[in-house]
Structure formats: structure tokens, C-alpha cells
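Provided herewith is a single structure, encoded as C-alpha cells, for subsequent inquiry.
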Amino acid sequence: MTPLTLHPMNPDVYSVHAADGLHVGYFKRIGAIWKFKAIGFDAAGQLVPGGGPLTDRHNTPFATPDAAEVSAGLGVMPLG
């Protein structure tokens, strides 16, 4: 099981979720490159682009939308 899951929204965008279900970002195809776009939420529940627990990984590029590759590339390790 991979620590992050990718949920397709359309051919160029995936919603990225942590193992606990927390929405931590999007995986977007920009030209020929896939990039991780971090998100977080403020105290009022409003979306904070580039924020959240993976803010330091915002704009990390990848070759393909593969959950295991994205998890490893973002440094997200399985709990336990």
C-alpha cells in the first residue's frame, strides 16, 4: 500500500490524498511535465494554495502519475 493515493479528476489532474484521507494537493500535467501542487486549509477551512503538510514539496516535477513514485519523490513514508 502506498502512503499517498491519486484520484483522477480529468486526464490532466489528480487529487492527492494522504493515507488518512487528508487532501494534500493536486497532481497536474503542465505541458509534458506532471507537477505536485500542495494545498492546505486555514483555521476557517479555507483552501490555502501551496500550503499544508507538503508545502515544501510544492511544484515538484514527475514523469508520470504513479502513486508509489509520487509518494517516494515527495518523501512521504508509510506509517508504522
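Points 7 angstrom from Cα along the Cβ direction at residue 42 and residue 59: gap in nanometres?
Placing both labels 7 Å along Cα→Cβ, they lie 2.2 nm apart.
For segment 43-58, what does the Karplus curve 6.51 cos²θ - 1.76 cosθ + 1.60, with θ = phi - 60°, yield as ³J(HN,Hα) per residue in whole Hz, taken in order and with x for Gly and Pro?
Per-residue couplings from phi come out as 4, 8, x, 7, 5, 10, x, x, x, x, x, 10, 4, 6, 10, 4 Hz.
Before I look further, what does the chain give for accessible area per residue, probe 1.4 Å, in whole square angstrom?
Heavy-atom SASA per residue in the chain reads 59 Å².
Step through the residues of segment 67-72 one at a time and calculate ³J(HN,Hα) from phi using the Karplus curve (6.51 cos²θ - 1.76 cosθ + 1.60, θ = phi - 60°), rounding each to whole Hz and writing x for Gly and Pro.
Calculated HN-Hα couplings, in order: 4, 5, 5, 5, 4, 5 Hz.
If you count, for each residue, the other Cβ atoms within 10 Å and average over each peptide, how do 61-72, 16-27 line up from highest to lowest?
Per-residue Cβ counts within 10 Å, averaged per peptide and sorted highest first, yield 16-27, 61-72.
Long-range amide H contacts for residue 60: which residues qualify at under 5 Å (H placed 1.01 Å from N, peptide plane, sequence gap of 5 or more or a different chain)?
36
Now for a separate question. Around residue 51, which amide H atoms from residues at least 5 apart in sequence, or from another chain, sit under 5 Å from its own amide H, with H modelled in the peptide plane?
The list, which skips near neighbours in sequence, is 39, 40.
Follow-up question, since we're still on this one. Residue-wise, which Karplus ³J(HN,Hα) couplings in Hz belong to segment 17-34, taking 6.51 cos²θ - 1.76 cosθ + 1.60, θ = phi - 60°, and x for glycine or proline?
10, 6, 4, 7, x, 4, 6, 10, x, 10, 10, 10, 8, 10, x, 9, 10, 9
Using the Cα centre of the chain as the reference point, and only Cβ charges (+1 on K/R, -1 on D/E), how large is the resulting charge dipole? Debye, rounded to the nearest 20.
200 debye
Here's another thing I want to ask about it. Along the charge dipole of the chain, which of 61, 25, 48 sits closest to the positive end, that is, farthest toward it, with unit charges on the beta carbon of Lys, Arg, Asp and Glu (+1, +1, -1, -1)?
61
With every protein chain left in place, what is the accessible area of residue 57 in Å² (1.4 Å probe, nearest 10)?
80 Å²
Given H placed on each backbone N at 1.01 Å, which residues far from residue 24 in sequence or on other chains put an amide H within less than 5 Å of it?
16, 17, 18
The values are calculated or read from the model by the stated rules, or taken from the named source; none is laboratory data. Because the structure is a prediction, the values reported are computed rather than measured. A quick note on method: Cβ atoms are made from the backbone with ideal geometry, for glycine too, and the neighbour counts reach across all protein chains shown. Accessible surface areas use protein heavy atoms only, side chains included; no ligands, DNA or RNA. Shrake-Rupley method; radii C 1.70, N 1.55, O 1.52, S 1.80 Å.
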